[in-house]
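Engineer: Mind having a look at this structure? Questions to follow.
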């Protein structure tokens, strides 16, 4: 027996896919920026000839003036600060994205929720995560607070919505069972 094409479920899956792409690619971009900073600051494993070259250039670096060394230290400190902020942003994502994507998947597939709810919840969450990560990267505490607040509110709203929908379905089935037993 061939299954019928359910247009609404494909739209909902499409919304789920685009929200997931928005969240995942943001993290991939942050991760690539972190890799670039590590490559620029030579935090990679050096082998053979590169180690010899580095030892030779270390002797020349010791003869640099104090002003140049101070500038290098300041620049390295700035880059390490950016790297720490990117790592912090990625750490926060592991907490929120897992909860959101699991709830969002259940909301999409199991409960057959409305497409409008999916678009609203998904877009608010994605925008909130971008604002939060921007706040971390650019040291804006208000942006971080706004992003984290809306992230938590969306996760809370989805959880509450799931509880209400499931409770209504259980109540309807109990009503139908009691009517059919009469």
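Engineer: Answer yes or no: is there a residue in region 129-139 that is exposed (fewer than 15 other Cβ atoms within 10 Å of the Cβ), without any contact (Cβ under 8 Å) to a residue 12 or more places away in the chain and assigned to a helix (DSSP H, G or I).
Structural biologist: Scanning region 129-139 turns up no residue that is exposed (fewer than 15 other Cβ atoms within 10 Å of the Cβ), without any contact (Cβ under 8 Å) to a residue 12 or more places away in the chain and assigned to a helix (DSSP H, G or I).
Engineer: Have a look at 165, 155, 119, 146 and point out the one that is surrounded by 13 or more Cβ atoms within 10 Å (Cβ to Cβ), out of contact with any strand residue (DSSP E or B) (no Cβ under 9 Å at 6 or more places or on another chain), free of Cβ contacts under 8 Å to residues at least 24 places away in the same chain and in a helix (DSSP H, G or I).
Structural biologist: After applying the criteria, what remains is 146.
Engineer: Only one of 34, 30 is touching a helix residue (DSSP H, G or I) at 6+ places or on another chain (Cβ under 9 Å), closer than 18 Å to residue 131 by Cβ and at pLDDT 60 or above. Can you tell me which? Walk me through how you get there before you give the answer.
Structural biologist: Working: 34 fails: closer than 18 Å to residue 131 by Cβ.
Of the residues listed, the single one that is touching a helix residue (DSSP H, G or I) at 6+ places or on another chain (Cβ under 9 Å), closer than 18 Å to residue 131 by Cβ and at pLDDT 60 or above is 30.
The values are calculated or read from the model by the stated rules, or taken from the named source; none is laboratory data. Please read all numbers here as calculations on a predicted model, not as lab measurements. Positions of Cβ are generated from backbone atoms using ideal geometry, with glycine treated the same way; all protein chains shown enter the neighbour counts.
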